[in-house]
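K.L.:
One structure coming up, written as structure tokens, with questions to follow.
Derivation of every value follows stated rules applied to the coordinates shown; laboratory data play no part. What you see is a predicted model, and the numbers here were worked out from it, not measured in a lab. Cβ placement follows ideal geometry from the backbone for every residue including glycine, while neighbour counts extend to all protein chains displayed.
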Amino acid sequence: MNQTITLEGLTKRYGRATAVDELTCAVHPGVVTGFLGPNGAGKSTTIRMIVGLDRPSSGRAAVGGRPYHALPAPLREVGVLLDGRSAHPRRSARDHLRMLAASNRIRDRRVTAVLEQVGLDGVADRRAGTFSLGMSQRLGIAAALLGDPGVLIFDEPVNGLDPGGIRWIRGLMRGLAAEGRTVLVSSHLLAEMEQTADHLIVIGRGRLLADTPMTSVTGSLEDAYLALTADSVEFGS
Ligand code: ADP
């Protein structure tokens, strides 16, 4: 399948506020694309529209040319990590993944495979509610990987993780891109993005500010980012 994410004039309004404003860009396979912008820039809203959790006010978001809701087997085409703590706290990691697999007609053996892939095989039968933030993030990532999708979207995956966890996620994302998958990752952590992303999409106040390969960023990413977003920061937010 064509694994490109395309946004065309994507717009989301909440009342009189415009959270995402005529966003047009593409996210390509085989590279890690960093999705950057100040708090309130519209990153989460954009991701929610890509995966069909929010409806655009106008414009389009598509994966392989189709809106998310038109994909025949969404979990097998697009994996998403929105909030690491999405599993029921009383359910074991394995049962959480089994239920997801069953409801998406994914073979049970994928559950074992992704538990190993994220390093949770030793704690798979513990309740998700007893997991640390890092373990919960790994479980959320396991859920995203369950359908072996060609497109992966991670919203702030390293928030609150320790250096070991951050390094692990970096390696995972780079590996997924090296396999030819499309990897879109939002983050506030510029130093982290500098090490992880091949391409950057920067938004501010819902608008596209930059869509550029990392190699064209001269000097530090922090300097370039702060110059780019200087007019887009929501003070007091
Ligand atoms: P980011 O992820 O870049 O921090 P968000 O997408 O969360 O930004 O938010 C973009 C803007 O949309 C913010 O101003 C936020 O307050 C607003 N917003 C997000 N969700 C809603 C909602 N459900 N109702 C009203 N405003 C919202």
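K.L.:
Dipole magnitude of region 163-208 about its Cα centre, charges +1 at Lys/Arg Cβ and -1 at Asp/Glu Cβ only, in debye to the nearest 20?
P.N.:
Details: 6 positive and 4 negative charges, 29 e Å.
In debye, rounded to 20, region 163-208 gives about 140.
K.L.:
Would you work out if the chain is rounded, prolate or oblate? Take a ≥ b ≥ c from the square roots of the eigenvalues of the alpha-carbon gyration tensor; rounded if a/c is under 1.5, else prolate when a/b is larger than b/c, oblate otherwise.
P.N.:
Numbers: a/c = 1.70, a/b = 1.42, b/c = 1.19.
The shape class here is prolate.
K.L.:
Given a 10 angstrom Cα cut-off, can you work out which residue in Glu194, Glu222, Glu156 is the most mobile in a GNM of the chain?
P.N.:
Glu222
K.L.:
Please give the length that would be gained between Ser57 and Thr112 if that part of the chain were fully extended, namely 0.36 nm times their separation in residues minus their C-alpha to C-alpha distance (nm, one decimal). It would help to have the intermediate numbers written out before the result.
P.N.:
Details: separation 55, 0.36 × 55 = 19.80 nm, distance 4.01 nm.
Here the segment from Ser57 to Thr112 would lengthen by 15.8 nm.
K.L.:
Specify which residue in the list His188, Val114, Leu36 is farthest towards the positive end of the charge dipole of the chain, using unit charges on the beta carbon of Lys, Arg (+1) and Asp, Glu (-1), about the Cα centre.
P.N.:
It is Val114, whose Cα lies furthest towards the positive end.
K.L.:
Taking the Cα centroid of region 1-62 and of region 198-236, what is the distance between the two, rounded to the nearest whole Å?
P.N.:
So the two Cα centres are separated by 16 Å.
K.L.:
In degrees between 0 and 90, to the nearest 10, how far off the longest principal axis of the chain does helix 163-178 point, with axes built from Cα atoms?
P.N.:
80 degrees
K.L.:
Quick one: Karplus J couplings for region 87-95, per residue in order, coefficients 6.51, -1.76, 1.60, θ = phi - 60°, nearest Hz, x for Gly and Pro?
P.N.:
Each residue of region 87-95 in turn: 7, 5, x, 8, 9, 6, 4, 5, 5 Hz.
K.L.:
Counting only residues 5 or more places away or on other chains, whose amide H sits under 5 Å from the amide H of Leu81 once H atoms are built in the peptide plane?
P.N.:
Here Ile153, Phe154, Asp155 satisfy the definition.
K.L.:
Compute the FRET efficiency between Ser103 and Arg127 as 1/(1 + (r/R0)^6), taking r as their Cβ-Cβ distance and R0 = 25 Å, and round to the nearest 0.05. Before the final figure, lay out the partial values.
P.N.:
Numbers: r = 20 Å, r/R0 = 0.81.
Once rounded, the FRET efficiency stands at 0.80.
K.L.:
Using alpha carbons only, how many degrees (0 to 90, rounded to 10) separate the axis of helix 133-145 from the longest principal axis of the chain?
P.N.:
It works out to around 90 degrees.
K.L.:
Given +1 on the Cβ of Lys and Arg, -1 on the Cβ of Asp and Glu, and no further charges, what dipole in debye does the chain carry about its Cα centre, rounded to the nearest 20? Don't skip to the answer; put the middle values down first.
P.N.:
Details: 27 positive and 24 negative charges, 221 e Å.
Taking the Cα centre of the chain as origin, the dipole is about 1060 debye.
K.L.:
Let me ask something else. Could you tell me which of rounded, prolate or oblate describes region 92-174, using a ≥ b ≥ c as the square roots of the eigenvalues of the alpha-carbon gyration tensor, with rounded for a/c under 1.5 and, failing that, prolate when a/b is larger than b/c and oblate otherwise?
P.N.:
Oblate is the answer for region 92-174, as a/c is 1.5 or above yet b/c matches or exceeds a/b.
K.L.:
Given H placed on each backbone N at 1.01 Å, which residues far from Val32 in sequence or on other chains put an amide H within less than 5 Å of it?
P.N.:
Excluding prolines and chain starts, which carry no amide H, the hits are Asp198, His199.
K.L.:
Would you calculate a helix-derived [θ] at 222 nm for the chain, using -39,500 (n - 2.57) for each DSSP H run of n ≥ 4 and dividing by the full residue count, to the nearest 500? Don't skip to the end; give the middle numbers.
P.N.:
Details: 8 runs with 77 residues, N = 237.
Estimated from H runs of four or more residues: -9500 deg cm²/dmol.
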